1. Keeping all protein chains in place and using 1.4 angstrom, which order do B:VAL53, B:VAL138 fall into by accessible surface area, from largest down?
2. Give the long-range amide H neighbours of B:HIS68: residues separated by 5 or more places, or on another chain, with amide H under 5 Å away, using H modelled in the peptide plane at 1.01 Å from N.
3. In terms of modelled amide H atoms, which long-range or inter-chain residues lie less than 5 Å from the amide H of B:LEU120?
4. Extending each Cα 7 Å along its Cβ direction at B:THR74 and A:THR48, get the distance between those two points in nm, one decimal.
5. HN-Hα J couplings of the range A:121-135 from phi, Karplus 6.51/-1.76/1.60, θ = phi - 60°, integer Hz, Gly and Pro as x?
6. Taking Cα centroids, how far is the range A:102-138 from the range B:151-165 in Å?
7. Lys and Arg at +1, Asp and Glu at -1: add these up for the other residues within a Cβ distance under 13 Å of A:GLY65 and post the number.
8. For the pair B:ARG128 and B:THR216, what calculated FRET efficiency results from E = 1/(1 + (r/R0)^6), where r is the Cβ-Cβ distance and R0 = 41 Å, to the nearest 0.05?
Amino acid sequence: MKTIFLFAAMLASAAAHACPGLAVEDGWIREAPPGAMMTAGYARLVNTGTKPLTIDGARARGFEGVELHHTVVEDGLSRMREGRLEIAAGGSAALAPGGWHLMLFGAERAPAAGETVRVTLSCGKHEREFLFTVRTDR
Amino acid sequence: MRAPADSSQTCVNPKARAALIAASVLVALGLGVFTASQVYAPRTRPQPESGVVLNQPRPLADFALVDHEGQPYTNAQLQGHWTLLFAGFTHCPDVCPTTLSLMKQLDARLRQRQAPLDYLFLSVDPERDTPQQLKKYVTYFSPAIRGVTGTREQLDALCANLGIAYLKVPGASDGEYTVDHSTALVLLDPRGRVAGYFQPPHKLDTLASDLAGIVTSGT
(Lines give C-alpha, C1' and ligand atoms only; values in the text may rest on other atoms or scores of the structure.)
Protein backbone atom coordinates (compact mmCIF):
# COMPACT_ATOMS: atom_id res chain seq x y z
CA MET A 1 0.00 0.00 0.00
CA LYS A 2 2.81 2.36 0.99
CA THR A 3 4.53 1.78 -2.32
CA ILE A 4 1.32 2.63 -4.17
CA PHE A 5 1.07 5.94 -2.34
CA LEU A 6 4.74 6.61 -2.97
CA PHE A 7 4.28 5.80 -6.63
CA ALA A 8 1.23 8.06 -6.86
CA ALA A 9 3.13 10.87 -5.18
CA MET A 10 6.05 10.45 -7.58
CA LEU A 11 3.66 10.42 -10.50
CA ALA A 12 1.90 13.53 -9.25
CA SER A 13 5.14 15.43 -8.85
CA ALA A 14 6.38 14.31 -12.24
CA ALA A 15 3.06 15.28 -13.81
CA ALA A 16 3.27 18.75 -12.34
CA HIS A 17 5.97 19.56 -14.85
CA ALA A 18 4.18 18.04 -17.82
CA CYS A 19 1.85 19.55 -20.40
CA PRO A 20 3.18 23.04 -19.60
CA GLY A 21 0.47 25.60 -19.20
CA LEU A 22 -2.44 23.17 -19.27
CA ALA A 23 -5.16 23.91 -16.73
CA VAL A 24 -8.57 22.37 -16.25
CA GLU A 25 -11.54 24.34 -15.00
CA ASP A 26 -14.77 22.75 -13.83
CA GLY A 27 -13.84 19.20 -14.81
CA TRP A 28 -16.82 16.92 -14.34
CA ILE A 29 -17.95 13.45 -15.30
CA ARG A 30 -21.57 12.62 -15.86
CA GLU A 31 -22.76 10.02 -13.38
CA ALA A 32 -23.45 6.98 -15.57
CA PRO A 33 -27.09 5.90 -15.64
CA PRO A 34 -27.56 2.33 -14.34
CA GLY A 35 -26.63 -0.19 -16.98
CA ALA A 36 -24.80 2.37 -19.11
CA MET A 37 -21.45 1.00 -20.26
CA MET A 38 -19.91 4.39 -20.77
CA THR A 39 -20.12 7.98 -19.77
CA ALA A 40 -18.62 11.33 -20.68
CA GLY A 41 -16.28 13.84 -19.08
CA TYR A 42 -16.42 17.58 -19.65
CA ALA A 43 -14.28 20.56 -18.68
CA ARG A 44 -12.86 23.81 -19.85
CA LEU A 45 -9.25 23.30 -20.91
CA VAL A 46 -7.06 26.35 -20.70
CA ASN A 47 -3.61 26.77 -22.18
CA THR A 48 -1.89 29.35 -20.01
CA GLY A 49 1.42 28.65 -21.73
CA THR A 50 3.18 30.36 -24.58
CA LYS A 51 3.10 27.39 -26.96
CA PRO A 52 0.16 25.60 -28.54
CA LEU A 53 -0.89 22.33 -26.87
CA THR A 54 -2.39 19.27 -28.49
CA ILE A 55 -4.38 16.95 -26.24
CA ASP A 56 -4.02 13.57 -27.88
CA GLY A 57 -5.10 11.08 -25.27
CA ALA A 58 -6.49 10.47 -21.83
CA ARG A 59 -6.98 7.84 -19.16
CA ALA A 60 -8.85 7.76 -15.90
CA ARG A 61 -8.39 5.89 -12.64
CA GLY A 62 -11.01 3.16 -12.35
CA PHE A 63 -11.83 3.04 -16.04
CA GLU A 64 -10.54 0.63 -18.65
CA GLY A 65 -10.12 3.40 -21.17
CA VAL A 66 -10.78 6.97 -22.14
CA GLU A 67 -11.04 8.38 -25.63
CA LEU A 68 -11.12 11.97 -26.75
CA HIS A 69 -14.24 12.34 -28.88
CA HIS A 70 -16.00 14.97 -30.84
CA THR A 71 -19.74 14.73 -31.45
CA VAL A 72 -20.46 16.09 -34.89
CA VAL A 73 -23.83 16.51 -36.52
CA GLU A 74 -23.79 15.79 -40.24
CA ASP A 75 -27.00 15.73 -42.29
CA GLY A 76 -28.97 15.67 -39.05
CA LEU A 77 -27.07 12.58 -37.84
CA SER A 78 -25.06 12.69 -34.66
CA ARG A 79 -21.68 11.01 -35.10
CA MET A 80 -18.77 10.40 -32.77
CA ARG A 81 -15.28 11.05 -34.04
CA GLU A 82 -12.11 10.29 -32.15
CA GLY A 83 -9.68 13.15 -32.41
CA ARG A 84 -6.95 15.38 -31.04
CA LEU A 85 -7.74 18.72 -29.59
CA GLU A 86 -5.49 21.68 -30.24
CA ILE A 87 -5.46 24.62 -27.89
CA ALA A 88 -3.67 27.78 -28.96
CA ALA A 89 -1.24 29.51 -26.62
CA GLY A 90 -3.32 31.61 -24.26
CA GLY A 91 -6.47 29.98 -25.62
CA SER A 92 -9.01 27.54 -24.28
CA ALA A 93 -11.25 24.75 -25.48
CA ALA A 94 -14.54 23.51 -24.12
CA LEU A 95 -15.34 19.88 -23.54
CA ALA A 96 -19.11 20.21 -23.38
CA PRO A 97 -22.27 18.16 -24.01
CA GLY A 98 -22.88 17.80 -27.73
CA GLY A 99 -19.30 18.66 -28.67
CA TRP A 100 -15.81 17.58 -27.62
CA HIS A 101 -15.82 15.23 -24.65
CA LEU A 102 -13.92 12.45 -22.96
CA MET A 103 -15.60 9.09 -23.43
CA LEU A 104 -14.90 6.92 -20.39
CA PHE A 105 -15.64 3.21 -20.61
CA GLY A 106 -15.14 -0.04 -18.73
CA ALA A 107 -15.66 1.31 -15.20
CA GLU A 108 -14.52 -1.09 -12.47
CA ARG A 109 -17.29 0.39 -10.35
CA ALA A 110 -19.41 3.23 -11.71
CA PRO A 111 -18.58 6.28 -9.56
CA ALA A 112 -21.56 8.08 -8.05
CA ALA A 113 -22.32 11.80 -8.00
CA GLY A 114 -20.07 13.59 -5.52
CA GLU A 115 -17.08 11.31 -6.01
CA THR A 116 -13.92 12.44 -7.75
CA VAL A 117 -12.05 10.70 -10.55
CA ARG A 118 -8.39 11.19 -11.44
CA VAL A 119 -8.15 11.96 -15.13
CA THR A 120 -4.81 12.10 -16.92
CA LEU A 121 -4.60 14.10 -20.11
CA SER A 122 -1.69 13.58 -22.47
CA CYS A 123 -0.12 16.04 -24.82
CA GLY A 124 2.54 14.36 -26.92
CA LYS A 125 5.15 12.79 -24.63
CA HIS A 126 3.84 14.58 -21.57
CA GLU A 127 0.84 14.04 -19.40
CA ARG A 128 -0.83 15.65 -16.49
CA GLU A 129 -3.39 14.54 -13.94
CA PHE A 130 -6.50 16.44 -12.92
CA LEU A 131 -9.42 15.81 -10.59
CA PHE A 132 -12.86 15.58 -12.14
CA THR A 133 -16.04 15.62 -10.03
CA VAL A 134 -18.84 13.20 -10.77
CA ARG A 135 -22.27 14.78 -10.98
CA THR A 136 -25.67 14.17 -12.50
CA ASP A 137 -25.83 17.13 -14.84
CA ARG A 138 -25.00 20.77 -15.16
CA MET B 1 -88.54 32.34 -90.58
CA ARG B 2 -86.96 34.63 -88.13
CA ALA B 3 -83.37 35.39 -88.39
CA PRO B 4 -81.42 34.35 -85.30
CA ALA B 5 -81.52 37.12 -82.79
CA ASP B 6 -78.34 39.03 -82.84
CA SER B 7 -76.47 39.75 -79.70
CA SER B 8 -77.47 43.36 -79.61
CA GLN B 9 -81.04 42.21 -79.06
CA THR B 10 -80.48 39.56 -76.39
CA CYS B 11 -77.80 41.29 -74.39
CA VAL B 12 -78.12 44.71 -72.96
CA ASN B 13 -75.39 46.25 -75.05
CA PRO B 14 -71.86 45.42 -76.18
CA LYS B 15 -70.31 47.54 -73.44
CA ALA B 16 -72.26 45.79 -70.70
CA ARG B 17 -71.44 42.43 -72.29
CA ALA B 18 -67.76 43.22 -72.25
CA ALA B 19 -68.05 44.24 -68.62
CA LEU B 20 -69.86 40.98 -67.81
CA ILE B 21 -67.18 38.91 -69.50
CA ALA B 22 -64.48 40.81 -67.69
CA ALA B 23 -66.30 40.27 -64.41
CA SER B 24 -66.69 36.52 -65.03
CA VAL B 25 -63.05 36.23 -65.93
CA LEU B 26 -62.12 38.02 -62.73
CA VAL B 27 -64.39 35.80 -60.64
CA ALA B 28 -63.00 32.69 -62.32
CA LEU B 29 -59.46 33.90 -61.77
CA GLY B 30 -60.23 34.69 -58.17
CA LEU B 31 -61.78 31.27 -57.63
CA GLY B 32 -58.80 29.64 -59.29
CA VAL B 33 -56.34 31.48 -57.13
CA PHE B 34 -58.38 30.72 -54.01
CA THR B 35 -58.62 27.01 -54.88
CA ALA B 36 -54.93 26.84 -55.70
CA SER B 37 -54.11 28.53 -52.41
CA GLN B 38 -56.18 25.88 -50.62
CA VAL B 39 -54.70 22.99 -52.55
CA TYR B 40 -51.05 23.98 -52.75
CA ALA B 41 -50.60 25.97 -49.59
CA PRO B 42 -52.81 24.82 -46.76
CA ARG B 43 -52.99 27.33 -43.95
CA THR B 44 -49.51 27.81 -42.58
CA ARG B 45 -49.13 27.20 -38.92
CA PRO B 46 -47.24 29.69 -36.77
CA GLN B 47 -43.68 28.40 -36.59
CA PRO B 48 -42.03 27.86 -33.22
CA GLU B 49 -38.68 29.48 -32.54
CA SER B 50 -36.89 26.23 -31.80
CA GLY B 51 -38.18 23.93 -34.51
CA VAL B 52 -40.53 23.23 -37.37
CA VAL B 53 -44.22 22.41 -37.21
CA LEU B 54 -45.66 20.59 -40.22
CA ASN B 55 -48.56 22.33 -41.95
CA GLN B 56 -50.14 18.95 -42.42
CA PRO B 57 -49.35 16.38 -39.69
CA ARG B 58 -48.12 13.09 -41.15
CA PRO B 59 -49.79 9.84 -40.05
CA LEU B 60 -47.59 6.91 -39.03
CA ALA B 61 -48.05 3.47 -40.54
CA ASP B 62 -48.91 0.73 -38.05
CA PHE B 63 -45.96 -0.25 -35.89
CA ALA B 64 -45.44 -2.72 -33.05
CA LEU B 65 -42.74 -2.11 -30.44
CA VAL B 66 -42.18 -3.24 -26.89
CA ASP B 67 -41.84 -0.80 -23.98
CA HIS B 68 -39.46 -0.95 -21.01
CA GLU B 69 -42.01 -2.93 -19.00
CA GLY B 70 -42.10 -5.56 -21.72
CA GLN B 71 -45.57 -4.42 -22.81
CA PRO B 72 -46.62 -3.92 -26.44
CA TYR B 73 -46.29 -0.35 -27.66
CA THR B 74 -48.18 0.50 -30.86
CA ASN B 75 -49.90 3.45 -32.54
CA ALA B 76 -52.70 3.03 -29.98
CA GLN B 77 -50.40 4.19 -27.17
CA LEU B 78 -49.84 7.51 -28.97
CA GLN B 79 -53.52 8.45 -29.00
CA GLY B 80 -54.99 11.18 -26.81
CA HIS B 81 -51.82 13.00 -25.76
CA TRP B 82 -48.84 14.81 -27.23
CA THR B 83 -45.57 12.87 -27.33
CA LEU B 84 -41.97 13.96 -27.69
CA LEU B 85 -39.73 11.24 -29.15
CA PHE B 86 -35.97 10.91 -29.23
CA ALA B 87 -34.13 8.05 -30.96
CA GLY B 88 -30.84 6.88 -29.46
CA PHE B 89 -29.23 4.02 -27.56
CA THR B 90 -27.89 3.45 -24.07
CA HIS B 91 -24.24 2.95 -25.14
CA CYS B 92 -24.20 6.63 -26.04
CA PRO B 93 -22.18 8.71 -23.61
CA ASP B 94 -22.84 12.26 -24.74
CA VAL B 95 -25.90 13.19 -26.80
CA CYS B 96 -28.38 10.67 -25.34
CA PRO B 97 -27.89 11.44 -21.63
CA THR B 98 -27.86 15.14 -22.48
CA THR B 99 -31.18 14.83 -24.32
CA LEU B 100 -32.81 12.66 -21.65
CA SER B 101 -31.75 15.19 -18.99
CA LEU B 102 -33.36 17.85 -21.14
CA MET B 103 -36.58 15.78 -21.29
CA LYS B 104 -36.59 15.58 -17.51
CA GLN B 105 -36.27 19.36 -17.22
CA LEU B 106 -38.87 19.92 -19.94
CA ASP B 107 -41.29 17.65 -18.11
CA ALA B 108 -41.00 19.76 -14.95
CA ARG B 109 -41.51 23.02 -16.89
CA LEU B 110 -44.45 21.76 -18.92
CA ARG B 111 -46.25 20.26 -15.95
CA GLN B 112 -46.09 23.69 -14.29
CA ARG B 113 -47.68 25.16 -17.41
CA GLN B 114 -50.42 22.52 -17.51
CA ALA B 115 -49.09 21.26 -20.82
CA PRO B 116 -48.09 17.67 -20.15
CA LEU B 117 -46.40 15.54 -22.78
CA ASP B 118 -45.38 11.91 -22.94
CA TYR B 119 -41.67 11.31 -23.47
CA LEU B 120 -40.36 8.41 -25.55
CA PHE B 121 -36.80 7.16 -25.86
CA LEU B 122 -36.74 4.95 -28.95
CA SER B 123 -33.71 2.68 -28.81
CA VAL B 124 -32.33 1.89 -32.24
CA ASP B 125 -29.93 -0.64 -30.68
CA PRO B 126 -32.24 -3.57 -29.82
CA GLU B 127 -29.33 -6.05 -29.68
CA ARG B 128 -27.95 -4.37 -26.55
CA ASP B 129 -30.97 -2.46 -25.26
CA THR B 130 -33.32 -5.04 -23.82
CA PRO B 131 -36.49 -3.78 -22.12
CA GLN B 132 -34.83 -4.43 -18.73
CA GLN B 133 -31.78 -2.39 -19.72
CA LEU B 134 -34.00 0.39 -21.08
CA LYS B 135 -36.05 0.51 -17.91
CA LYS B 136 -33.01 1.01 -15.68
CA TYR B 137 -31.65 3.62 -18.05
CA VAL B 138 -34.66 5.85 -18.73
CA THR B 139 -36.18 5.77 -15.26
CA TYR B 140 -32.85 6.95 -13.87
CA PHE B 141 -33.52 10.24 -15.69
CA SER B 142 -37.26 10.49 -15.08
CA PRO B 143 -40.26 8.23 -14.47
CA ALA B 144 -41.97 10.33 -17.16
CA ILE B 145 -39.76 8.85 -19.89
CA ARG B 146 -40.71 5.56 -21.48
CA GLY B 147 -38.16 3.42 -23.29
CA VAL B 148 -39.30 1.51 -26.36
CA THR B 149 -37.58 -0.66 -28.92
CA GLY B 150 -38.38 -3.36 -31.45
CA THR B 151 -37.05 -5.64 -34.12
CA ARG B 152 -34.71 -4.25 -36.73
CA GLU B 153 -37.51 -4.42 -39.33
CA GLN B 154 -39.94 -2.55 -37.10
CA LEU B 155 -37.36 0.10 -36.25
CA ASP B 156 -36.31 0.60 -39.86
CA ALA B 157 -39.90 1.07 -40.98
CA LEU B 158 -40.84 3.35 -38.11
CA CYS B 159 -37.72 5.53 -38.41
CA ALA B 160 -38.29 5.98 -42.14
CA ASN B 161 -41.85 6.91 -41.30
CA LEU B 162 -40.77 9.34 -38.60
CA GLY B 163 -38.27 10.92 -40.97
CA ILE B 164 -35.29 10.07 -38.80
CA ALA B 165 -32.25 7.92 -39.49
CA TYR B 166 -29.70 5.75 -37.74
CA LEU B 167 -26.65 3.85 -38.87
CA LYS B 168 -24.71 1.11 -37.11
CA VAL B 169 -21.00 1.89 -37.36
CA PRO B 170 -18.29 -0.71 -36.57
CA GLY B 171 -15.88 0.30 -33.81
CA ALA B 172 -12.15 -0.18 -33.43
CA SER B 173 -12.30 -3.67 -31.94
CA ASP B 174 -14.17 -6.80 -33.02
CA GLY B 175 -17.87 -6.78 -32.30
CA GLU B 176 -17.72 -3.21 -31.06
CA TYR B 177 -19.96 -0.70 -32.71
CA THR B 178 -21.55 2.62 -32.21
CA VAL B 179 -24.69 4.08 -33.73
CA ASP B 180 -24.94 7.34 -35.61
CA HIS B 181 -28.42 8.68 -35.06
CA SER B 182 -30.72 11.63 -35.67
CA THR B 183 -30.56 14.21 -32.95
CA ALA B 184 -33.98 15.72 -33.60
CA LEU B 185 -36.79 15.58 -31.09
CA VAL B 186 -39.92 14.48 -32.94
CA LEU B 187 -43.27 15.86 -31.79
CA LEU B 188 -46.28 13.56 -32.26
CA ASP B 189 -49.81 14.89 -31.97
CA PRO B 190 -52.69 13.31 -29.98
CA ARG B 191 -53.68 11.34 -33.08
CA GLY B 192 -50.23 9.75 -33.24
CA ARG B 193 -49.10 11.76 -36.27
CA VAL B 194 -45.77 13.50 -36.82
CA ALA B 195 -46.45 17.14 -35.98
CA GLY B 196 -42.98 18.70 -35.91
CA TYR B 197 -39.25 18.51 -35.33
CA PHE B 198 -36.90 20.27 -32.93
CA GLN B 199 -33.17 20.29 -33.61
CA PRO B 200 -30.30 20.76 -31.15
CA PRO B 201 -28.64 22.66 -29.65
CA HIS B 202 -31.77 22.84 -27.51
CA LYS B 203 -32.51 25.83 -25.33
CA LEU B 204 -34.68 24.72 -22.45
CA ASP B 205 -36.60 28.00 -22.07
CA THR B 206 -37.42 28.41 -25.75
CA LEU B 207 -38.28 24.77 -26.26
CA ALA B 208 -40.52 24.71 -23.19
CA SER B 209 -42.50 27.76 -24.24
CA ASP B 210 -42.76 26.56 -27.86
CA LEU B 211 -44.07 23.18 -26.77
CA ALA B 212 -46.41 24.67 -24.19
CA GLY B 213 -47.84 26.93 -26.92
CA ILE B 214 -48.42 24.03 -29.29
CA VAL B 215 -49.84 21.65 -26.71
CA THR B 216 -52.22 24.14 -25.08
CA SER B 217 -53.45 25.60 -28.39
CA GLY B 218 -54.12 22.09 -29.60
CA THR B 219 -52.83 22.72 -33.11
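The values are calculated or read from the model by the stated rules, or taken from the named source; none is laboratory data. Fair warning: this is a prediction, and the values are worked out from it, not measured in the lab. Don't worry about glycine lacking a Cβ; one is built from the backbone with ideal geometry, like all the others, and counts go over all protein chains shown. Accessible surface is based on the protein model in full, side chains and every heavy atom, while ligands, DNA and RNA are left aside. Shrake-Rupley method; radii C 1.70, N 1.55, O 1.52, S 1.80 Å.
1. Values: B:VAL53 20, B:VAL138 0 Å².
In descending accessible area the options line up as B:VAL53, B:VAL138.
2. Placed amide hydrogens put B:GLY147 under 5 Å from B:HIS68.
3. B:LEU84, B:LEU85, B:PHE86, B:ARG146
4. It is 6.4 nm.
5. 9, 10, 9, x, 7, 9, 8, 8, 9, 9, 9, 10, 9, 8, 8
6. 36
7. On the way: positive: A:ARG59, A:ARG61; negative: A:GLU64, A:GLU67, A:GLU82, A:GLU108, B:GLU176.
Here the charged neighbours net out to -3.
8. 0.60
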